[in-house]
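Below is one structure, written out as structure tokens, with a few remarks after it.
The values are calculated or read from the model by the stated rules, or taken from the named source; none is laboratory data. Given the structure is predicted, the values throughout are model-derived calculations rather than measurements. Glycine gets a Cβ as well: all are built from the backbone with ideal geometry, and neighbour counts include every protein chain shown.
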Amino acid sequence: MKRAILILLSVFVILLASCGGSITPGEYNYSAATYTIDEDSRYISIAYPVLTGTDYDDAANELLLSESLEQMENYLTYSAGANDGRFYRYTIDSVSSQCLGQELASFLCIGSYSDEYSDYPETIAYSFNLNPKTGELYAFDELILDFSIIKEKFESGAFDYISGLENLLTLTNYSDMIVGYGDTYQLYPPIYFIADENDFELALSVGLVYELGGHAEFSIDADLVSSALTEQLLGMLK
């Protein structure tokens, strides 16, 4: 009986260990390049990530620019100002990464949109999760198995606040910030990842109204949402 208990405890420890840790750092770098269009009817400036030091730099960088332009086209499709002749500005000003691993490079891109009749700019945020070994982007379902688990953790306040309006959490709550996201309409916040030598975190950029800062970022240790992550992603942890 004691031997059986010891075996079960050993299995439990192994399972816990498999969910922790971090990812193996990659031997490459990133910077930001800018794609610009300056015309009478519009101003577009899109910063996007550029990799150096992988075997697929050219393919990856071409893909990241192409996907950035597709993000813009999708956004402008539903923007009244861009479709009725108004002068508009579409800019992506910030490209950041805190996860540059052998199998995962994760980027958060943030900017804004406004036109000549806008009372205030609208925030634009999206993420890219790239496999540096192939130069291809991961699909959402290659990394996230069950978003509802992530949403439940967020609603419960388990996520740590990273950035946004200074007094945000006195003006709203976790449940209200994520209520519009979910599997029903397959609408998800930009998901990206944060890694250092010892930790691996899942992070979200949630969209908010202008009065609440337009967006805010939150993170959680990956081991706290491991059941929401795919085996492919968990297999990257060391």
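Being charged (D, E, K, R), crowded, with 19+ Cβ neighbours inside 10 Å and modelled with pLDDT of 95 or more narrows it down to one of E211, E155, E201, E231, so name that one. Give the steps one after another, and end with the answer.
Values: E211 fails: crowded, with 19+ Cβ neighbours inside 10 Å; E155 fails: crowded, with 19+ Cβ neighbours inside 10 Å; E231 fails: crowded, with 19+ Cβ neighbours inside 10 Å.
After applying the criteria, what remains is E201.
Name the residues in the range 61-100 that are within 22 Å of the chain's Cα centre (by Cα), surrounded by fewer than 15 Cβ atoms within 10 Å (Cβ to Cβ) and of a type outside the set (S, T, Y), would you?
E62, L69, E70, E73, N74, D93
Wholly within the range 59-169, which strands (runs of 3 or more DSSP E) include no fewer than the required count, namely at least 2 residues that are among the hydrophobic types (A, V, I, L, M, F, W, C)?
88-100, 105-115, 122-131
In this structure, does E103 turn out to be of a type outside the set (V, I, T), in contact with a Ser or Thr (Cβ under 9 Å, 6 or more places away or on another chain) and surrounded by fewer than 19 Cβ atoms within 10 Å (Cβ to Cβ)?
Answer is yes for this residue.
Could you grab the pairs with beta carbons closer than 6 Å, sequence gap of 6+ or different chains, first residue in the range 213-238 and over 30 Å from L165 (Cβ atoms), second one β-branched (V, I, T) and at pLDDT 95 or above?
S227/I149
Looking only at the range 191-238, filter to residues that are of a type in the set (D, E) and not in a helix (DSSP H, G or I); which one of those is nearest to the chain's Cα centre (by Cα)?
E217
Any residue in the range 26-39 that is within 30 Å of G85 (Cβ to Cβ), among the acidic types (D, E), loosely packed, with under 12 Cβ neighbours inside 10 Å and at pLDDT below 95?
No.
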